[in-house]
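A short write-up of the structure that comes next.
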Amino acid sequence: MESKLIVVKKDRRIFTVLTENGKVCALSCYGEEEQPLLGNIYIGRVQKVVKNIGAAFIEIEKGFPCYYPLNDCETPVYTKKINSPSMTAGDEVLVQVNREAHKTKPPSLTTNLNFTGKYLVLTTGALRIGVSAKLDGETRTRLKTLISEIAGGKYGFIVRTNAKDARENEVLKEADYLISLCEDTIEKAKYRSAFTQIYQTASPWLSQLRDTYGSGLSIVTDDEKLYGQMHEYLQTMQPEDLPRLSMYKDKLLPLSKLYCFEKAFKDALNEHVWLKSGAYLVIQPTEALTVIDVNTGKYESKKKKQDTFLRINLEAAQEIARQLRLRNLSGIIIVDFINMDAAEDKETLMQTLKEFLHHDPVKTVLVDMTALNLVEITRKKVRKSLAEQVGIKKQNQ
C-alpha cells in the first residue's frame, strides 16, 4: 500500500495529513511549541489516597494532581517512601502519563513504565512478550522467540506491527536501546526531587514518524525547519527511514494547496458526512460517547428496500471506520445503522465492519449489536481527538 505523510506549518501550527492510496485517512494539528504530557515520566508526590474508589491522586507538579488507579500498583519505583506497606500520602514515586486530560477528567498515570520504539514497546510492569495481532502466525512466532532471548524475565516487550518487515538485527538493536533508556531513566530518578520530569517524549508530530506504518511510506514537507527536525530525528532514531524523507520545493503551489488541507480539515470537523450513494452520516461526539447515525438521504434505488438498506449500511461501515481514524475518535462509539430484518444481512454488516476496523492502527473493538440494533464500538484513547486539537489551538490564538 502506498502511503504518504505530509507535514506543513502555518500560523505557528504544524499540520499533518496521512494518505493511503491517495485518500486521506488521518489528520492532526499541533502548536509549533506544544509539548505533550502523554508518555512523559515524572517523580510524582502522592497527594491523597481514596480507597473507596480504588485510586490515588498524584501531583506531577505542585497543584496539578493526576488520577492513579491503585490496582496498577504492581511494580512502583519509589524515590521516597513513607513508613507504610502500601502507597500513602507523601510518597514520591516514578510515574508516567498514560492518558491525557479528557474533557473534565484529569490525566491518568501508571507506575508500569513504557518506552516506545518503532518496532517494540518495553514495559516494566507486565513482564510478558506480546505481539501485534495484525501480524501473521509465522511472523508472530519468529519475533516472539527472538525477543524472549533478550528479555530475560526482567522486562516485558510488545512487538509492534512495524516489525513485520524489519531485519532481526534492527529489532535487536532497538531492544538494547530501549533497555538502556529504561535503566538510565530509573537510575537518574534516584537523585532527583519531586515534580522533576525524568523523561520527555518527542513532539507529537515527530512521533508520527515512528508510529506510522507502511512499507510504501514516504514523508514530505515544504518547510526547511521541519525538514531539518525530521532529518535529525530519523538520523538518530530511525536511520533506515531517512531515504523516505523528501523536501518539496515548488513555491508556486505549496503542499497545503496541493493536498487541499483546509478542505480536508473542514470536512473532518463537519457533523455531516455525505456518502457517494447520496446517503449520509451524522457524527455527534458527546461528553460520554460518540453517536453516529446512518441516513438514506438522497439515495435512490429500484431494488428491494432491504437490499437497499444493506447496500447503504455496507458503504457506511467503510466510511465510519475511516472517520474514526480521521477524527481520532475514541472511547465508546454507538452506531445507529438503518434497521434490517434479515439476520444474515446483520451478520454481513457486522463482519464487514469488523474487517474495516481491523485496519485501524489504534486498538478498536467491535463489541456487539444490541437488541435495539445499535452497534457498539470501543476505540482506545491515545491522543486528543482532532476536534480537541483544533479547538485548543483556536483558544490559544
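The values are calculated or read from the model by the stated rules, or taken from the named source; none is laboratory data. On a predicted model such as this, the values are computed, not experimentally measured, just so you know. As a convention, Cβ positions derive from the backbone with ideal geometry for all residues, glycine included, and neighbour counts pool all protein chains shown. Ligands, DNA and RNA are excluded from the accessible area calculation, which covers all protein heavy atoms including side chains. Shrake-Rupley method; radii C 1.70, N 1.55, O 1.52, S 1.80 Å.
The table below lists the values:
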{"quantity": "The chain: calculated mean residue ellipticity at 222 nm from DSSP helix runs of at least 4, using -39500 (n - 2.57)", "calculated": "-9500 deg cm²/dmol"}
{"quantity": "Full-stretch length increase - Ile332, Ser193 - with 0.36 nm per residue and alpha-carbon distance subtracted", "calculated": "46.2 nm"}
{"quantity": "Solvent-accessible surface (1.4 angstrom probe) belonging to Trp274, in square angstrom, nearest 10", "calculated": "140"}
{"quantity": "Cys66 long-range amide H proximity, modeled H, under 5 Å", "calculated": "Ile58, Glu59, Ile60"}
{"quantity": "Contour minus Cα-Cα distance for Leu253 and Glu240 (0.36 nm per residue)", "calculated": "1.7 nm"}
{"quantity": "Most fluctuating residue given options Arg99, Arg327, Arg12, as computed from a GNM of the chain linking Cα atoms under 10 Å", "calculated": "Arg12"}
{"quantity": "Val77 paired with Lys105, simple spin-label distance in nm, labels 7 Å along Cα-to-beta-carbon", "calculated": "2.6"}
{"quantity": "For the chain, built as a Gaussian network whose Cα springs stay under 10 Å, the top-fluctuating residue of Lys304, Lys62, Lys263", "calculated": "Lys304"}
{"quantity": "Among Asp241, Asp360, Asp11: highest mean-square fluctuation, GNM of the chain, C-alpha pairs under 10 Å", "calculated": "Asp11"}
{"quantity": "Taking region 38-104 and dividing mean pair separation by its residue count, relative contact order in percent (alpha carbons under 8 Å, at least six apart)", "calculated": "40"}
{"quantity": "Residue pairs, from the table Lys118/Lys363; Lys81/Lys105; Lys225/Lys251; Lys266/Lys298, whose Cα atoms sit over 19 Å apart", "calculated": "Lys81/Lys105; Lys266/Lys298"}
{"quantity": "Residues of type lysines that Lys154 reaches as a straight line, Cα spacing below 18 Å, ignoring anything fewer than 8 places off in the same chain", "calculated": "Lys144, Lys173"}
{"quantity": "Separation in nanometres of the label points that stand 7 Å from Cα toward Cβ, at Asn270 and Thr348", "calculated": "2.9"}
{"quantity": "Summed side-chain charge close to Thr348 - residues other than Thr348 whose Cβ falls under 12 Å, Lys, Arg +1, Asp, Glu -1", "calculated": "-2"}
{"quantity": "Summed side-chain charge close to Val171 - residues other than Val171 whose Cβ falls under 15 Å, Lys, Arg +1, Asp, Glu -1", "calculated": "+1"}
{"quantity": "Inter-part distance where region 175-191 and region 119-153 are each reduced to a Cα centre, Å", "calculated": "20"}
{"quantity": "Calculated percent of Cα pairs over 38 Å apart (choose from (i) 30; (ii) 27; (iii) 15), label", "calculated": "(ii)"}
{"quantity": "Region 268-397, dipole about Cα centre (Lys/Arg Cβ +1, Asp/Glu Cβ -1), debye to the nearest 20", "calculated": "620"}
{"quantity": "D_trans [Stokes-Einstein, Kirkwood Rh over alpha-carbon pairs] for region 123-233, 25 °C, 0.890 mPa s, µm² s⁻¹", "calculated": "150"}
{"quantity": "Nearest-10 value in Å² for the accessible area of His231, using the 1.4 Å probe", "calculated": "60"}
{"quantity": "Cα convex hull of region 190-341, projected area averaged across orientations, nm²", "calculated": "15.5"}
{"quantity": "Cβ-derived FRET efficiency at R0 56 Å, Leu70 paired with Asp307, nearest 0.05", "calculated": "0.55"}
{"quantity": "Formal net charge of residues neighbouring Thr116 (Cβ-Cβ distance under 11 Å; K, R +1; D, E -1)", "calculated": "+1"}
{"quantity": "Percentage relative contact order, region 166-286, counting C-alpha pairs under 8 Å, at least six apart", "calculated": "15"}
